[in-house]
2 protein chains.
Amino acid sequence: MRIGEVATAAGVSTRALRYYEEQGLLTSVRSASGQRHYGEDAVERVRWVQALYAAGLSSRAILGLLPCVHTGVATPEMIEQLIAERERIDAQVRELTATRDRLDAVIAAARGRSRECSYAS
Amino acid sequence: MRIGEVATAAGVSTRALRYYEEQGLLTSVRSASGQRHYGEDAVERVRWVQALYAAGLSSRAILGLLPCVHTGVATPEMIEQLIAERERIDAQVRELTATRDRLDAVIAAARGRSRECSYAS
DNA sequence: CTAAGACTTGACGTTGGCGTCAAGGGCAAG
DNA sequence: CTTGCCCTTGACGCCAACGTCAAGTCTTAG
């Protein structure tokens, strides 16, 4: 697969893929003319990168985690790191859930008010 | 309350509070010498701002939502906006939860591998 | 009174994950 | 051959939420 194909399949820009390679998150084999070629697993890898970015991890953090995510092989420190990031994400989920629930309360209250208004008028 | 007190109580920097004021998210009363003074509700307001920032909203979006969050009064369009943001946050929660679960699977797999290793040695 | 801390405005610096030209090279179809 | 699309490197732009001086003012405890 060439870069455009991977980009389309993963739903990102080619610029992003080159950036990932620059950060060491993605590797490619070059043809004689210098064009990048990727294996099938590249798409899944990119999806992992996107998911971890969305979870607030930096390139460096992802760089440390991707090998064991992809190969399943991990040193004890890598497992520690995995668990730490998992905990951060879990904390984030709890925070966002709480915020969502508070928003729900606000929405309910606002609706109540607007109903009062329509009764009053 | 003066700015430092609010900052400490809300767990943010004074710089952040001045920035919020600049963005219209927070108001203060000035003393004769120009110093800012805040009411008690400022702390809660700042906490709302922090929560909404953490949920990925921009200053502009927060600016549009804070009035009805704080006063409980909302036009139908504001309620629409509240619901839209609530949905975005909910989607985010679902994504992060999925990522967390995938990470759990990776951790479990890696632990299995390391147990195999310790058995082998 | 005075020293130390808290406050003011102003303005530039930072960071990351790309977007976006710019200027050129490669390759299958007609 | 050439047209048109995909690819390359390089480099600057961007945006938001502050951090971080700088240089001066206010306030308050002793």
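The values are calculated or read from the model by the stated rules, or taken from the named source; none is laboratory data. The structure displayed is predicted, hence computed values, not measured ones. Neighbour counts run over all protein chains shown; Cβ positions are idealised from the backbone, glycine included. For the accessible areas, the whole protein counts, side chains as well, though only heavy atoms, and no ligand, DNA or RNA atoms are used. Shrake-Rupley method; radii C 1.70, N 1.55, O 1.52, S 1.80 Å.
Counting heavy atoms of the protein chains alone, A:Thr97 has an accessible area of about 40 Å² for a 1.4 Å probe. Counting Cβ atoms of other protein chains within 10 Å of each residue's Cβ and taking the mean over peptide B:8-18 gives 0. Computed on the Cα atoms alone, the convex hull of region A:74-121 gives a volume of 33 cubic angstrom per residue. Shape summary: region A:27-72 maps onto an equivalent ellipsoid whose semi-axes, from the alpha-carbon gyration tensor, are 23, 11, 10 Å in decreasing order.
Pairwise Cα separations in region B:1-57 fall into 5 Å bins from 0 onward with the following percentages, short to long: 4, 20, 33, 27, 10, 4, 1, 0. Per residue of peptide A:94-101, the mean number of Cβ atoms on other chains within 10 Å of the residue Cβ is 6. When the inverse distances between all different Cα atoms of region B:3-121 are averaged and flipped, the Kirkwood radius reads 17.5 angstrom.
Look at the stretch A:25-33: the mean tally of other chain Cβ atoms within 10 Å of its residues' Cβ atoms is 0. Computed from label points 7 Å out along Cα-Cβ, the spacing between A:Ala32 and A:Ser58 is 4.3 nm. Summary value for chain B: 18 percent relative contact order, contacts being C-alpha pairs under 8 angstrom separated by 6+ residues. Quarter the surface of the alpha carbon convex hull of the protein assembly as shown and you get the mean projected area, 20.2 square nanometres.
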